[in-house]
Structures are given as structure tokens and as C-alpha cells.
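Scroll down for the structure; my scribbles are underneath it.
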Amino acid sequence: DKGGYPHFMLKEINEQGAVLRNSMAKRLAEGTVDLSAELPWTKKDVASWKRLHIVACGTSYYAALVAERFLETITDFDIRVDVASEYRYRNIPLGPDTLAVFVSQSGETADTLAAERIAREKGARCLAVTNVIGSTIAREVHDVLQLKAGPEIGVAATKTFMGQMAVLYLLAIHLAKMQGKLTPEQEKKYCDELTALPYKLESVLLRQESLQETAMLYNEARDFLFLGRGISYPVALEGALKLKEISYVHAEAYAAGEMKHGPIALLDPRVPVVVISPKDGLHEKTFSNILEAKARKSPVIAIATEGDDSLDGTADHIFFVPETLDQFTPFLTVAPLQLFSYFFARFLGCHIDQPRNLAKSVTVE
Ligand code: F6R
């Protein structure tokens, strides 16, 4: 049931406020995070893990890359994030000193399952973050955190990306606490902001019409560049993946600082540049990339923070998202990109919920 929406993808994008609330229910309350009902880990267990690996494919991998940037600021682990199809064929040091987290919406992705089996064999503690509680991965690992996003029908992952980020952030806070790395004040600050995010996200979703207008303006573009720095870089990767998956138009994401090392050669008035540029510590650096793109006459579509007028007169289109903590901006900046892709593909008449050549779960290598 599409609930009155023309596509499951649009329905699922619009459910994301509820997805955030569900993923935090019974895990976050009164300024603290408690996952001990699901994770039986003692402080001693956590202290025995020096390494933290997060392994996934596709959109789930991008959620892991976002979480990595939060984890590395609040925990003490030696962190590695990899795609499962690489991780499984490499000789990566891991063992009983490793907590290995496998992020898979379906819990059936062949490469992720294979990577998990290798890590478990080598003695790592294995945790699955999945939406499907009876899935193969959930049955095989030591521990499970469920997304609680509800079934996702659209092949392009949207609400489960949101749920994955939320669950991984809760995990980060839980681990940081067990490592004695988080003061109650810091924890409360994070929890208060996590609690506010669903409302902020819903205020973004309410303004989706303007994204439809922008998407239609660029319906003739056949190449897009997505740029972001720091925590916005994986958001750029996810934005480009959504666009190519459902519209079959070429979209490429780059870490903004890498633009001048090659991709800048692509820029001209036919190549729109989507810049994820929330007001954070790297904002000024990203702004310089916007100027570079404008100097090559590329149209710039920016995602920025409300109240930031620094892009006025520079970016061609600005979509504003509410203010949040620097480390939490992906929860708000990814939704406009999902919507942009959706409206762009819809205008082209694509099969949005079932894009060609793609399957909801990739059970073969
Ligand atoms: C993108 C998408 C895929 C999946 C990937 C991993 O929209 O849906 O990239 O994210 O195939 O799938 P799971 O998370 O089920 O392991």
C-alpha cells in the first residue's frame, strides 16, 4: 500500500521522521542511551576490543562512513570501514580484539555475509545492524541491533539509510560511554539533539516542492557532480548513488577537496554541481569549491544551514535545512538529495521503485 503516494520511494522518504523515532524508542530516554537490553556487553568486553570494523555494501556502506566520522570523535577505537566485497578478499588484521559491525538492510547480501563469516572465524565479536530480524545475518552473528524502519519496498534505500545512521549513532554513544569517554553532559547534548532531529527532518520534508522545481530545471543534465567534505562527503556519495540508481543519469561524488585533482576538468555549464555545505567547521573550505565551480560556469545547487547567507548570490539554488550539531548534519542534508533524485527520475518517467538491473537484495556475488 503506497498510502496515497505515487511511489513507495516517496512514501518511504516521507516516513523518515517516524523511522528516527522508532529507532530511538526504548534505546534513548531522558538524556541517556541504553542498549544493554540488546547488547549483553560488559565494560570488560568493550575494553578488550581495540579495533572497530564496519563492513557493508552500497547505501549501507555510506551510512557506515557517516557513523565512522562520529565514532572517531567520541570513541577510542582503531576504526576501519570497508565495502564487504573488498574486506572479504583482503588480509586485514582482526581477531578477538575486534568488534566487527555488519550493516545490511536486508541481512541477505552475499558479500556482507561472507565478510561476517570470515570475521567470526577469526574470533571477532560480530554485530549485525539490520532491518530484518529473521535474516541470515541476524541468525549468524553474536549480537543484533534492529533498525525498526518497517519494510522498505522501493529498491533504492532511503528510510533504512536514515535508520542505519540513527542506530549506529546510538551504538557510538553506547560504546563511548562504556569506554568512559563521554561525560553525562556530552551524552545529554547528543541525546537532546537526536530527540529533536525527527521534528527538524519533518520540517525539511514539508518543503519538498521546491526540490521538485529545482530537479525539473535540470532535467536535461546527464552528468552531475556531488561534493561534500568531512561528514558531508558520504552524504554526497549517497546523493550521487540515489540519482544514478533511479534516473540512470551519471552522477559522481567527490570529497570536495579532491575536485581540483581531476574532476574539475569535467565542469562546464552542462554539469550541475550539488554541494552539501552545512554550516560546520569545514564550511569555508567547501565554499571555496563552490566558487571554483561557479568560475567554470557550472550551475550550483547547495544544501545549506538555515540562516547562512554566505552562499547568496553564489549558488544558483540553495535548499536550507535546520541547524543541528556539526556531527548530525547528515540526518538533515540527505533528505533533500533523496527528494531531488526522486523528482528528477519521476520527470524522466523512470521506474522509480524498481529500477532496471537492480534487486532489493543482492544474494549473489
Ligand atoms: C541503494 C541500495 C543498495 C544497498 C546494497 C546493500 O539504494 O539499496 O546499494 O544498499 O545492496 O544492501 P543491504 O543493506 O541489504 O545489505
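Hey, what's the Cα Rg ratio for segment 77-202 versus the globular rule of thumb, 2.2 N^0.38 Å?
In units of the globular-protein estimate, segment 77-202 measures up at 1.13.
Can you give me the angle between helix 232-247 and the longest principal axis of the chain, using Cα atoms only, in degrees from 0 to 90, rounded to the nearest 10?
The angle comes out near 70 degrees.
Which part of segment 264-308 falls in the paramagnetic zone of residue 196, meaning amide N under 20 Å from the point 7 Å along Cα-to-beta-carbon?
From segment 264-308, the list is 277-283, 304-308.
Can you work out the Karplus-derived ³J(HN,Hα) for every residue in segment 129-140? Use 6.51 cos²θ - 1.76 cosθ + 1.60 with θ = phi - 60°, whole Hz, and x for glycine or proline.
Karplus-based 3J(HN,Hα) across segment 129-140 equals 10, 9, 8, 10, 5, x, 6, 4, 5, 4, 6, 8 Hz.
Can you give the Rg and Dmax of segment 152-199 based on its C-alpha atoms, in angstrom?
Reported Rg and Dmax, both Å: 13.4, 40.
Work out the charge dipole of the chain with +1 on the Cβ of Lys and Arg and -1 on the Cβ of Asp and Glu about the Cα centre, then indicate which of 33, 89, 299 is farthest towards its positive end.
89
Roughly how many debye, to the nearest 20, is the charge dipole of segment 18-111 about its Cα centre, given +1 on each Lys and Arg Cβ, -1 on each Asp and Glu Cβ, and no other charges?
The dipole magnitude comes to about 100 debye.
Ordered by residue, what ³J(HN,Hα) values in Hz, to whole numbers, does segment 188-203 give under the Karplus form 6.51 cos²θ - 1.76 cosθ + 1.60, where θ = phi - 60° and Gly and Pro are x?
5, 4, 5, 5, 4, 6, 4, 5, 7, 4, x, 5, 5, 5, 5, 5
Find how much the distance from residue 222 to residue 325 grows on full extension, using 0.36 nm per residue of separation minus their present alpha carbon separation; answer in nm with one decimal.
33.7 nm
How are the C-alpha pair distances of segment 121-177 spread across 10 Å bins, as whole percents from the shortest bin up?
Answer for segment 121-177: a P(r) of 22, 47, 26, 4 percent.
Taking amide hydrogens as modeled 1.01 Å from N in the peptide plane, which residues meet the under 5 Å criterion relative to residue 145, leaving out close sequence neighbours?
Those lying under 5 Å, H to H, from residue 145 are 128, 129, 130.
Report ³J(HN,Hα) in whole Hz for each residue of segment 36-49, in order, from the Karplus equation J = 6.51 cos²θ - 1.76 cosθ + 1.60 where θ = phi - 60°; Gly and Pro get x.
Taking θ as phi minus 60°, the curve returns 5, 5, 9, 10, x, 6, 8, 4, 5, 4, 4, 5, 7, 9 Hz for segment 36-49.
Take every Cα-Cα pair in the chain and report what % of them are more than 39 Å apart. Each step should come with its number before you reach the end.
On the way: 8109 of 66430 pairs.
Roughly 12 percent, once rounded to a whole number.
Report the GluC sites (Glu not before Pro) located in segment 81-121 that are in a DSSP loop and have at most 11 other Cβ atoms inside 10 Å of their Cβ, or state none.
Sparse-neighbourhood loop GluC sites (Glu not before Pro): none present.
Please list 317-325, 43-51 highest first by mean number of surrounding beta-carbon atoms within 10 Å per residue. Each step should come with its number before you reach the end.
Working: 317-325: 19.3, 43-51: 14.6.
The densest-packed peptide leads the list: 317-325, 43-51.
When the Cα centres of segment 336-354 and segment 253-328 are compared, how far apart do they sit, in Å?
One Cα centre to the other: 22 Å.
Please list the three semi-axes, largest first and in whole Å, of the ellipsoid equivalent to segment 1-137, using sqrt of 5 times the eigenvalues of its alpha carbon gyration tensor. Show your work: numbers first, answer last.
Working: eigenvalues 151, 82, 36 Å².
Value: 27, 20, 13 Å, ordered largest first.
Name the lysines eligible as straight-distance cross-link partners of residue 177: C-alpha to C-alpha under 29 Å, and not fewer than 8 places from it in the same chain.
Counting by Cα, and skipping residues close in sequence, residue 177 has these lysines nearby: 26, 43, 44, 50, 122, 148, 159, 188, 189, 200, 279.
Residues in segment 3-47 near a label at residue 79, defined as backbone nitrogen under 19 Å from the 7 Å Cα→Cβ point?
Residues passing the 19 Å test: 33-35, 46-47.
Can you tell me the Rg and Dmax of segment 175-218, counting just the alpha carbons, in angstroms?
So, for segment 175-218, Rg and Dmax equal 17.6, 51 Å respectively.
Over the chain, with every protein chain in place, what whole percent of the accessible area is carbon and sulfur at 1.4 Å, could you tell me?
Working: 7430 of 14670 Å².
Within the chain, the accessible surface is 51 percent carbon and sulfur.
So what are the three principal axis dimensions of segment 145-300 from its Cα atoms, in whole Å, longest to shortest?
Principal-axis extents of segment 145-300 (Cα, largest first): 50, 36, 25 Å.
Tell me the per residue accessible area of the chain using a 1.4 Å probe; a whole number in Å² is fine. Don't skip to the end; give the middle numbers.
Numbers: 14670 Å² over 365 residues.
Counting only protein heavy atoms, the per-residue value for the chain is 40 Å².
The values are calculated or read from the model by the stated rules, or taken from the named source; none is laboratory data. Everything numeric here is computed off the predicted structure, so don't read it as measured data. Note that each Cβ is placed from the backbone with ideal geometry, even for glycine, and that neighbours are counted across all protein chains shown. Side chains included, ligands, DNA and RNA excluded: accessible areas come from the protein's heavy atoms. Shrake-Rupley method; radii C 1.70, N 1.55, O 1.52, S 1.80 Å.
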